[in-house]
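As structure tokens, the structure follows; a few thoughts come after it.
The values are calculated or read from the model by the stated rules, or taken from the named source; none is laboratory data. The structure displayed is predicted, hence computed values, not measured ones. Cβ: placed from backbone, ideal geometry, glycine included. Neighbour counts: every protein chain shown. Each accessible area value is taken on the protein alone, full model and side chains, heavy atoms only, with ligands, DNA and RNA left out. Shrake-Rupley method; radii C 1.70, N 1.55, O 1.52, S 1.80 Å.
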Amino acid sequence: MKSPLLTLPGAVPAEGVDEGVAAHYGDLFREQRALADGAGFVDLSHRGVVTVTGDDRLGWLHLLLTQHVSELPVGEATEALVLSAHGHIEHALYLVDDGTTVWAHVEPGTAPALIAYLESMKFFYRVEVADRTGDFAVVHLPAGSIAEPPDGAVVRETPYGRDLFLPRADLESFAEKAGPAAGLLAYEALRVEHHRPRLGFETDHRTIPHELGWIGSAVHLQKGCYRGQETVARVQNLGKPPRRLVFLHLDGSDVHLPPHGTEIRLADDGEDGRRIGVVTTSARHHELGPVALALVKRNVPLDARLIAGDTAAAQEVIVEP
């Protein structure tokens, strides 16, 4: 869904899964610094919006999601996952309940599959699931922002800022008051800095929550049964995940960032060495320089020198080995 804010001065469209919103508005580092200082906003209107209404909504979602939501307080933000029967991550939801409706935003293009799964699990519960992507747009205000959400907007407040669910028809009028606009590249660079995984970037068909540090923030370990719980409990109690998320400082002399999927090897083994991981998201940060998130094998030494493609990289621990 193409955002009307692509008509703002300097807007350069994003590509791939983020197509439909601006990658930047002409000055990536200025936009990052503005967000870091609590100014401006990010257009996330390409993300899917799913709502669940009905008296049983929280108790029903509690049975399906990895997070404890049966008693979720009104206005309190949380994250949750949907897992496969084998414990692999299928969906990531960013939730808030407004007292009558659970609002969630999800990755672009994933709402139909998520809704199909939820519909298949309704049974006798008093719930209604709806795709509201066509009616509502997600906008992000950074932490520290003093911008006032429009009257009636649903607000999801987190340590990283506020996600607003706005009527899509109000998006342009909101942008006129909330500027300056920051593009998705600035938002993603700060996401990488904060070590926050993203579905489809840090995940593949076999990713389990422990690998990404999603235990606690998106997976509650003290709740009843849900699909995939056996894998979560087994890894938590008896073993270790096969991979772990790391933060990479990349060689700043390289002009190009290693893209998603770039193979990582031990520097001592050279470019022909055995693959030990992959880059999942890379970014240019306004203070840290070129950085990335990556998944590497759990037993990679913490002090190992790495190369991502042909770019030297030093790792910081996110998920303990």
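The table that follows gives values for the structure above.
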{"read-out": "Inter-probe distance in nm under a simple model that places probes 7 Å from Cα toward Cβ, at ARG275 and ALA85", "value": "2.8"}
{"read-out": "Residue (of ALA143, PRO290, GLN222) at the positive-pole extreme of the chain, dipole from beta-carbon charges", "value": "GLN222"}
{"read-out": "Protection-proxy order for peptides 80-88, 15-23, each taking the mean of Cβ atoms within 10 Å per residue, highest first", "value": "80-88, 15-23"}
{"read-out": "Two-site FRET efficiency, GLU148 against THR100, from Cβ-Cβ distance with R₀ of 25 Å, rounded to 0.05", "value": "0.65"}
{"read-out": "Neighbour-limited loop hits for chymotrypsin sites (Phe, Trp or Tyr not before Pro), segment 1-85 (at most 12 other Cβ within 10 Å; DSSP other than H, G, I, E, B)", "value": "none"}
{"read-out": "Nearest-20 debye value, segment 140-247 charge dipole, Cβ charges on Lys, Arg, Asp, Glu", "value": "720"}
{"read-out": "For segment 188-321: Kirkwood Rh in Å [reciprocal of mean 1/r, alpha carbons]", "value": "15.4"}
{"read-out": "Given LYS223/LYS297; LYS2/LYS177; LYS122/LYS240, the pairs whose alpha carbons are separated by over 23 Å", "value": "LYS223/LYS297; LYS122/LYS240"}
{"read-out": "Extent along principal axes [Cα atoms of segment 202-260; Å; largest to smallest]", "value": "50, 20, 19"}
{"read-out": "The chain - mean residue ellipticity at 222 nm from DSSP helices (-39,500 (n - 2.57) per run, n ≥ 4, rounded to 500)", "value": "-5000 deg cm²/dmol"}
{"read-out": "Per residue accessible area in Å² of segment 120-276, where ligands, DNA and RNA are left out and the probe is 1.4 Å", "value": "51"}
{"read-out": "Positive-end residue of VAL50, GLY20, ILE276, charge dipole of the chain with Cβ unit charges", "value": "ILE276"}
{"read-out": "Computed FRET value (nearest 0.05) for LYS240 with GLU176, which takes r as the C-beta separation and R₀ as 51 Å", "value": "0.50"}
{"read-out": "Listed candidates (1) 142; (2) 128; (3) 162 - label of the one calculated as volume of the Cα convex hull per residue in Å³", "value": "(2)"}
{"read-out": "Normalised alpha carbon radius of gyration of segment 81-167 [divisor 2.2 N^0.38 Å]", "value": "1.21"}
